[in-house]
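Okay, so here's the structure we're looking at.
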Amino acid sequence: MKSASIVKDKIFRQLLFVAAALIILISAGMIYSLTTGSFGAFSKFGFFKFTFTSAWNPTAGSENYGALSFIIGTLLTSFVALLLCIPFSLPVALFTGEYFKGTKIASFLGTVTDLLAGIPSIVYGLWGFYTLRPIVQSLGLGENGFGILTAGFVLAIMIIPYAASLSGEFFKLVPDDLKEGAYSMGATRLEVVRHISLPMAGTGIFASYVLALGRALGETMAVTMLIGNTNGIPFGLTSTGNTMASIIANQFGEADGLKLSSLIALGLLLFLLTAIINLIGRLIMKRVAVKV
Amino acid sequence: MKTIVRNLLIAAAALSAASCGNGSKADRSLAGAGGTFPVPYYNLAFQTYQKANKIEITYGAIGSGGGIRSLKDKVVDFGASDAFLSDAEMAGMPAPVIHIPTCMGAVVVAYNLKDVKNLKLTGDIIADIYLGKITRWNDARIAEINTGTTLPDKKITPVYRSDGSGTTFIFSDYMSKVSPAWKDAIGRGKSLKWSKGIASKGNPGVAGTVSQTEGAIGYIGSEYAFAQDISYAGIKNAAGEFITPNLTSISKAASGDMPADTRCMITDSQVEGAYPISCFTWILIYKEQFYNKRTAKQAQNTVALIRWMLGPEAQALTEKVNYAPLPQEVIENAKKQLSLVTYKDAQIETPENQNK
C-alpha cells in the first residue's frame, strides 16, 4: 500500500519534471529560431547598429533597417498605457480587495473588470478608431487623432483588468489581524490602507503592473489601428509612430530576404525587452520585499 | 499568426497534393494558392464551377509570394499571383511555367472632401502630395485642372498601406513611370519608404482612414473601393484624358500591344479611354503537367478549369464582384498560352462541353 503511493508520487514527480522541461525547451526553441532567423540582419548591420539606428527603407537596392524607432514607439505607448491605467486600476483594486471586500457589488465589479480582458483587441481597435480618435482630434491632440497618445489610451483600458484584478487579490491577502490591530489603535480606514495594506501588498501590486506592462508591450492589433504606422522616431505623445509588434504584424506577410530577417530580429529584440523589463520588475520586487 | 495560417494552408495543400495519384479523390479535386487580391472573384468562380463539374477546388489566399513558392514546391495544382514572374524568377522555377490572366482590377485614388465630386488628378500632383510638396487642397496646381470646383483650404493627409501589398506595388509602378521625382524618392515595391502621411493595414484600413479623415487621400484596390461608398479621383492617362476608374476603363487598359505570354504591367496604358492604374492577376501552372505523379485526369481538370475561367460564363462573373473582365484579344492570347500545356509531352484534350 505504502509502496504503491510512493510509486505514484514518483510518477507524479516525473510528470512535473517533464512539464517543466517542456516549457524550458519551448522557450529555448523560440530563442534559437529567433536568433538563427535574425542572423542575416545582425551580420549585415551589426547588433548595435541595427538596434540603435532608425532607418527603415525596404526599397530594393537600398535596403536599410534599424529598430530604434520601433523600440521607442513600443516603450512610449506601453509606459503611457501604464501611467494612464493606474488611476483606474488602483481604485478598482481597493474597491474589490479592501473597502467592499467580499460583498456582492465587489464581485460584480471584479467580474466586469475581468470581462474587459475577454474583449478581442480588434474591438478595442475599432472603438479607438471610430470613437476615441475623433475625440482626440477635436481636442487638438494630434493632427489626425492617430498617434502614441491614442494608442496608449486604448492600451491602458486593455491592461486595466490585468492590473486591477491581480492587485485586488494582493489587497485581499493582507492579514486581517494586522488591520484589526491598527483599527484597535484608532486608525481610520484610509490610514490602514496607507500604512498597512499598501506596504504589505506593495510587491504584489508592483508585480501585477509589471505583468500589465508586459501585455502592453506585445499588443498588436489595436495599436496598429491607432498609432499611424509611420516608420520614424516619434517626437512626442501626439506624434505618430509604430511599435515592434505592429511593424512585424504589418510587414511579415510579404517580407523575404533581409527584410524578413530584420523583422525576426525585431521579434528577438522585443523578446529581450520584455525579459529585461520583467527582470527589473523582479529586482525591484526583491528590494521592496526586504524592506517590508 | 499569418505564418501559422500560411503553414497550415501549405500543409493542407501538400496533403491534398500528396494524395494525388492514388484513387479517384485526387481526380476530383484541385488545389491552388496565391494572392488575396482576386479572392472574392475566385471564390465565386470556383463555387460556380464546382457545382457544375463536381470538382472540389480549394484556394489558399496566402499572398502572391506564397502562391509562387507553393507552385515551386509543387504542392499545388496552380499558383496565383498579382505580379508576373520576372525572367530571373522564371529561370528559378524547376520547370517552365505559363501565365494565364484571369481578370483585371485597378488601384483607385480615393479622397475625402465634402462637396467635392469628380476630382481630377494627375500622376505628378499625386506624387507631389505624397512627397509633401503639395500640402493643401486649394493648391494652384490642383485648382488648375479642376476648374468649376471649389476646393477647400484644407490640409491634405496622404494615407498609404502599412502592410506589404500588391496594391502598393501597382500604384508605385504607375507613379514611378509618370513621376521621376517619385521614382527617386519613393520608388516601386510592395512596401516602400514614405516620408509623409499615415499608414493603415489593408484596403479596409486605408478606406476606413480616408473616409474618417477629412482632407485625406489614399490608394485602394478597385475591387474593394467599388463596393464602398467612397469618392475617387479621375486620373489623367497617357492620352491626356481624365479617366474615372470603372470596369470598362479598366478593361481598356489591356487592349493594344500585349506580349504573347501576357507578362506585362499595363499601368500608364497608352490606349485612349484606358484607366492608367490597372492591372492583371494571373494563374500560374507548369507547362508540363506531369509532375509529382499527377494523373492525366488531374492535368485535364486543371486545364479545363482554366479554359472555363477564360470563357464567357466566368468572365461575366467578374463584374458581380467588382472586377473587370479581360478584353477579347487578351483571352485569345491566354488561350494560345493554354494550348501549349502538355501532359507527358502530349497536348491535353478537355471535354468539348467546356466553354471555349
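Where in chain A are the DSSP H helices whose alpha-carbon span along the long axis reaches 15 Å or more and whose Kyte-Doolittle mean is at least -1.0?
Details: long enough: A:2-45 (63 Å, 1.03); A:68-94 (38 Å, 2.20); A:104-118 (21 Å, 1.07); A:148-173 (36 Å, 1.60); A:198-218 (30 Å, 1.20); A:257-291 (52 Å, 1.57).
Span-like helices in chain A: A:2-45, A:68-94, A:104-118, A:148-173, A:198-218, A:257-291.
Assigning unit charges at the beta carbon (Lys, Arg +1; Asp, Glu -1) and nothing else, what dipole magnitude in debye, to the nearest 20, does chain B show about its Cα centre?
Working: 38 positive and 32 negative charges, 182 e Å.
That gives chain B a dipole magnitude of about 880 debye.
5 Å is the cut-off here: which amide hydrogens, built 1.01 Å from N in the peptide plane, fall below it relative to residue B:56, excluding neighbours closer than 5 in sequence?
Excluding prolines and chain starts, which carry no amide H, the hits are B:29, B:30.
All other residues with a Cβ under 12 Å from the Cβ of residue B:209 taken together, and with Lys, Arg as +1 and Asp, Glu as -1, what is their net charge? Display every interim value, and only then the final one.
Working: positive: A:133, B:161, B:201; negative: B:214.
Neighbourhood net charge equals +2.
Hey, can you find the accessible area per residue of the range B:246-300 for me, probe 1.4 Å, expressed in square angstrom? Don't skip to the answer; put the middle values down first.
Details: 2020 Å² over 55 residues.
Accessible surface, normalised per residue, equals 37 Å².
Probe radius 1.4 Å, ligands and nucleic acids ignored: give me the carbon and sulfur share of the accessible area of the range A:1-151 as a rounded percent. Before the final figure, lay out each step's value.
Details: 6790 of 8900 Å².
Of all accessible area on the range A:1-151, carbon and sulfur atoms account for 76 percent.
For Cα pairs less than 8 Å apart in space and 6+ apart in sequence, what is the mean separation divided by the residue count of chain B, i.e. the relative contact order in percent?
Values: 710 pairs, mean separation 79.1, N = 356.
Taking the mean separation of contacting Cα pairs over the length of chain B, I get 22 percent.
Per residue of the range B:206-214, in order, report the coupling 6.51 cos²θ - 1.76 cosθ + 1.60 (Karplus, θ = phi - 60°) as ³J(HN,Hα) in whole Hz, putting x for Gly and Pro.
So the J values, rounded to whole Hz, are 5, 4, x, 5, 5, 6, 9, 10, 5.
To the nearest 500 deg cm²/dmol, what mean residue ellipticity at 222 nm is calculated for chain A from DSSP H runs of n ≥ 4 alone, each contributing -39,500 (n - 2.57), summed and divided by the residues? Please list the in-between numbers first.
Working: 13 runs with 214 residues, N = 292.
Result for chain A: -24500 deg cm²/dmol, rounded to the nearest 500.
May I ask you to find the residues of the range A:45-77 that are shielded by at least 10 Å² of accessible area once the whole protein assembly is considered instead of their isolated chain (probe 1.4 Å)?
A:56, A:57, A:58, A:59
By the scheme Lys and Arg +1, Asp and Glu -1, what is the net charge of all other residues having a beta-carbon under 11 Å from that of residue A:96?
Numbers: positive: A:101, A:172; negative: A:98, A:114, A:169.
Computed value for this residue: -1.
Which whole-number percent gives the relative contact order of the range B:105-243, counting Cα pairs below 8 Å spaced six or more residues apart? List each step's numbers first, then the result.
Numbers: 253 pairs, mean separation 56.7, N = 139.
Relative contact order comes out at 41 percent.
Using bins 10 angstrom wide from zero, how does P(r) for chain B break down, in % of all Cα pairs?
Pair shares across the bins are 5, 25, 32, 21, 12, 4, 1.
Probe of 1.4 angstrom, ligands and nucleic acids ignored: what's the accessible area per residue over the range A:2-57, in square angstrom? It would help to have the intermediate numbers written out before the result.
Working: 4300 Å² over 56 residues.
On a per-residue basis, 77 Å².
Accessible area drop of at least 10 Å² (1.4 Å probe, protein heavy atoms): which residues of the range A:115-136 qualify, relative to the chain alone?
A:129, A:130, A:133
For helix B:328-338, what angle does its Cα long axis make with the longest principal axis of chain B, in degrees from 0 to 90 and rounded to 10?
Tilt relative to chain B: about 40 degrees.
Of the listed peptides A:193-199, B:200-206, what is their order by residue-averaged count of other C-beta atoms within 10 Å, with the highest listed first? Please list the in-between numbers first.
Details: A:193-199: 16.6, B:200-206: 21.4.
Ranking the peptides A:193-199, B:200-206 by packing returns B:200-206, A:193-199.
As a test of the definition: with a 1.4 Å probe, what buried accessible area, both sides summed, do you compute for B against A, in Å² to the nearest 100?
Details: alone 15440 and 16170 Å², together 29580 Å².
Summed over both sides, the interface buries about 2000 Å².
Can you pull the mean other chain C-beta count within 10 Å for peptide A:245-258?
Per residue, the number of nearby Cβ atoms from other chains is 5 on average.
Pull up all non-local amide H partners of residue B:253: gap of 5 or more, or a different chain, and H-to-H distance under 5 Å with H placed in the peptide plane.
B:275
With θ set to phi - 60°, apply the Karplus curve 6.51 cos²θ - 1.76 cosθ + 1.60 along the range A:224-231 and write out the HN-Hα couplings as whole Hz, x wherever there is a Gly or Pro.
Values per residue, Gly and Pro as x: 3, 6, 10, 8, x, 6, 9, 8 Hz.
Magnitude of the Cβ-charge dipole of the protein assembly as shown, K/R +1 and D/E -1, about the Cα centre, nearest 20 debye?
1720
Given the Cα atoms of the protein assembly as shown, and with Rh set as the inverse mean 1/r over their pairs in the Kirkwood sense, what is Rg to Rh to two decimals? All intermediate terms of the calculation are to be shown ahead of the outcome.
Numbers: Rg = 29.4 Å, Rh = 28.0 Å.
Rg/Rh for the protein assembly as shown comes to 1.05.
Note down the relative contact order for the range A:67-291 as a percent, whole number, built from C-alpha pairs under 8 angstrom at least six residues apart. List each step's numbers first, then the result.
On the way: 317 pairs, mean separation 68.4, N = 225.
Once divided by the residue count of the range A:67-291, the mean separation gives 30 percent.
How far is the Cα center of the range B:300-346 from the Cα center of the range B:159-200, in Å?
First find each Cα centre; the distance between them is then 31 Å.
The values are calculated or read from the model by the stated rules, or taken from the named source; none is laboratory data. What you are looking at is a predicted structure, and each value in this text was computed from that prediction instead of being measured. Cβ coordinates were reconstructed from backbone atoms using ideal geometry, including for glycine residues, and neighbour counts include every protein chain displayed. Keep in mind that these areas ignore ligands, DNA and RNA; they rest on the heavy atoms of the full protein, side chains included. Shrake-Rupley method; radii C 1.70, N 1.55, O 1.52, S 1.80 Å.
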